[in-house]
Amino acid sequence: MIIYKSLIEKYKKYLTVSNKTPIISLNEGNTPLIFAKNLSEKLGFNGEVYLKFEGMNPTGSFKDRGMTMAVSKAIENGSKAIICASTGNTSASASAYAAKAQIRCIVLIPKGKIAVGKLSQAVMHGAEVLEIDGNFDDALYIVRELSNKYPLTLVNSINPYRIEGQKTAAYEICENLGQAPDYQFMPVGNAGNITAYWKGYKDYNKMESSKYYLPKMMGFQASGAAPIVEGHIIKKPETIATAIRIGNPTSWKTAEEVRDDSKGVIDKVTDEEILKAYKIVAATEGIFCEPASAVSIAGFIKYIKQDYFKNSNSIKVVCILTGHGLKDPDIAIAKATSIIKVKSNINEITKTIGF
Ligand code: AN7
């Protein structure tokens, strides 16, 4: 019998764990890298496009890679409680790993704007969910203060183990492709994930073989929540992609360094572009991602339109789909073509579907 090892066991030699580290795992990682032929054809792109579907992680987002590390190390260090601020996915992941470790999990969420799937996870896993009268940036400030004062382990991406765990996604891409991609498109919120991927690519390039060269990192914010692009804090960030409704990213500086080191970009896409991409990837590839993840595709489309890829024939592009579409069913239902209401009658239905 072959059983997939936990992400920590698989990549032990690249992570700061020892044989004493208790591994808290939900079998995260090992997500599919899907060749997106229909999408390339639809967009008129001649190179190879792959989708790294992080929505296939146990709680439905990439956060699980970081959370297995953060919670395992918290337990190793004797922690009895974790705390985070979240636009939704971090809280879903933290609460699940806390349940597995049987410790307390306290989450602060911004008022309103949390996708219903994410909230349902946090409450089901038994987290103590506090909705604050403020936005994500306010919540993050409060949990940072609390974790400095009290025995609470902060599991936002300020926690270095989060970044460490998340970098394993880059290793998987290199293993799957046999090389690093030429370009990687991804959403940017707090900018922890773009920081983690870049670290992952650099590690792999150094430790495995120079054929795992470094990709250009193409990060995208939503235009109503694009502090890095605009060059200043956004006091009231707004976007349909609630996961990245962040006005003052933690890893702002590192994101700029990643952009410059990789000769990539940090750019923005509108909500309209995000929704279009969200539908295209679902309709062409059968992959349902959440709006924040469709930002990767929206960015890719924007750059195809700008004729950014001069000769795309031999180019390999990876778009990261960070979270599952089922996280946020309300947006899908609100934005999809309306449902046709008919009588429960064969003749009427036959006529309606055109036979
Ligand atoms: C689906 O859950 O910040 O740039 O609190 O859920 O590393 O912040 C989520 C972020 C992209 C942005 N895609 O990643 C949270 C939270 C999805 C996300 C991001 C998030 P970072």
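Things to note:
- A 1.4 Å probe run over the chain, with the rest of the protein chains in place, finds 45 Å² accessible per residue.
- Positive-end residue, the stretch 178-274 charge dipole about Cα centroid, Cβ charges, pick of G224, L214, Q184: L214
- From phi via Karplus (6.51, -1.76, 1.60), per-residue ³J(HN,Hα) for the stretch 272-283 in Hz, x at Gly/Pro: 4, 5, 5, 5, 5, 5, 4, 6, 4, 5, 5, 7
- Peptides 61-68, 228-235 ordered by average Cβ neighbours within 10 Å, highest first: 61-68, 228-235
- In terms of packing, defined here as the mean over residues of other Cβ atoms within 10 angstrom, the peptides 10-21, 293-304, 277-288, 69-80 line up highest first as 293-304, 69-80, 277-288, 10-21.
- Here K343 is the anchor, and the lysines within straight C-alpha reach of less than 19 Å, apart from those fewer than 8 places off in the same chain, are K351.
- All other residues whose Cβ lies under 10 angstrom from that of I34 are scored, Lys and Arg at +1 and Asp and Glu at -1, for a net of +1.
- Of F300, G286, S338, farthest towards positive along the dipole that unit charges on Lys, Arg, Asp, Glu beta carbons give the chain: G286
- For the chain, the dipole from Cβ point charges (+1 on Lys and Arg, -1 on Asp and Glu) about the Cα centre works out to 380 debye, to the nearest 20.
- Of all the options I24, I339, I266, the one that moves most in a Gaussian network model of the chain with Cα springs shorter than 10 angstrom is I339.
- Across the options P151, V317, N46, the greatest Cα extent toward the positive end of the charge dipole of the chain (unit charges at beta carbon of Lys, Arg, Asp, Glu) belongs to P151.
- Size of charge dipole - the stretch 140-272 - debye, nearest 20, with Cβ of Lys, Arg +1 and Asp, Glu -1, no other charges: 360
- C-alpha center-to-center spacing [the stretch 1-23, the stretch 127-162] in angstrom: 27
- GNM flexibility winner over the chain from S95, S209, S338 (Cα, springs under 10 Å): S338
- Relative contact order for the stretch 221-331, counting Cα pairs under 8 Å that sit 6 or more residues apart, in percent: 23
- When the Gaussian network model of the chain links Cα atoms closer than 10 Å, the mean-square fluctuations of Q102, Q184, Q166 top out at Q102.
- Å³ per residue enclosed by the Cα convex hull of the stretch 1-141: 168
- Based on C-alpha pairs under 8 angstrom that are at least 6 apart in sequence, the stretch 56-195 has a relative contact order of 28 percent.
- Normalised contact order of the chain, rounded percent, pairs of Cα under 8 Å and 6 or more residues apart: 19
- For the stretch 141-157, Karplus couplings with θ = phi - 60° (6.51, -1.76, 1.60), whole Hz, Gly/Pro x: 4, 5, 5, 5, 4, 4, 6, 6, 8, 10, x, 10, 8, 6, 10, 6, 6
- If you bin all the Cα-Cα distances of the chain at 10 Å, starting from zero, the percentages per bin are 6, 25, 34, 23, 8, 3, 1.
- Report note on the peptides 196-203, 142-149: ranked by the mean count of other C-beta atoms within 10 Å, highest first, their order is 196-203, 142-149.
The values are calculated or read from the model by the stated rules, or taken from the named source; none is laboratory data. This one's a predicted model, so the numbers in the text were calculated from it and none came from an experiment. Note: ideal-geometry Cβ built from the backbone for every residue, glycine included; neighbour counts use all protein chains shown. Calculation scope for accessible area: heavy atoms of the full protein, side chains included, ligands and nucleic acids excluded. Shrake-Rupley method; radii C 1.70, N 1.55, O 1.52, S 1.80 Å.
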